[in-house]
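The values are calculated or read from the model by the stated rules, or taken from the named source; none is laboratory data. Being a predicted model, the structure only gives us computed values, none of them experimental. Every residue, glycine among them, receives a Cβ derived from its backbone with ideal geometry; neighbour counts consider all protein chains shown. Side chains included, ligands, DNA and RNA excluded: accessible areas come from the protein's heavy atoms. Shrake-Rupley method; radii C 1.70, N 1.55, O 1.52, S 1.80 Å.
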Amino acid sequence: MRRLIVLGSVTGAPGVTTTALALAALWPPEADGGVRPVMVEADSSGGDLMIRFGLPPAPSLLDVAAAAGQPYPGSLLGAASELPCGVRAVVAVPGRGPCREAVRLLAGEVGRRVLLGDAHDRGSVVLDVGRLGEHVEPLLEAADQVVLVARGGAEPLTHVSAYGLDVDAYAGRLTLAVVGPCPYSAEEIAKTLGIERVVLMPWDAKGVGVMNGSKRGVPRTAGFRLPPLMAAARVLARRLASPSMSASRAGEAHGARVAEGGRARLTGHGRSGLVQVPGVEESGS
């Protein structure tokens, strides 16, 4: 069964798709028995990669969603395209309407089965769900790892705090990836937001250009110094692929917290002054 890595954001456009592409491109080759990951663009607001890379309208996420309702859904990889940056990806068509329905089907039981595959399937799925919401909660629950992407300023980090994601429910599975310039250290953000794992993702023109198609070529991981974004993505990819971050451990931790009935929000509680959200608990935000 495949490993499922879900990336999303709580607001705006902080770079979820580019981060997902970078993770897939820098996924450790020794992980998953050498099987390359597949990146799936599952943003209910519509896809970007089809236009960005000049791809035909099929195959796409719509084909995966349509097949999910069939007795024999087929292979997820049959809808994948090879991108210039060396990533194989299932892209989504532009447009909110068709993508919203496709993501709804993908989040259903059969759709999740298509993503995860059968017992003999190996590899990892890097799933870009765009902005988080109730429609993708089943995908978050099924994920081996969840990567929350946010910009590094006080305002976007406050939005993360105010969103109210249940930290305990994702114990052992949640990473906050802070992209772009950030005046705070990872340790300060982790302490203030109550998130155990926080990584900083520098945003450099060369790395973004390779991932977004303006600079063609497959990123190499040896023989020269990687751009900052690519180097950070490689470190994060290795952490996510590490056996120590297995789904079984995360599931055990989640089960224990559910049994205890405990909940924790991403509300500021440190003394650094980074993100303080008065009244969040009372308002239910």
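Numbers for the structure displayed
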quantity	calculated
Cut-off under 5 Å, modelled amide H: who pairs with Val179 long-range	Ala150, Arg151, Gly152, Met201
Nearest-0.05 FRET efficiency for Asp118 and Ala186, computed from C-beta distance (R0 45 Å)	0.75
Per residue accessible area of the range 32-150, 1.4 Å probe, in Å²	41 Å²
Value of relative contact order over the range 129-194, rounded to a whole percent, pairs C-alpha under 8 Å and six or more apart	38 percent
Sorted peptide list for 201-210, 143-152, criterion being average Cβ within 10 angstrom, highest first	143-152, 201-210
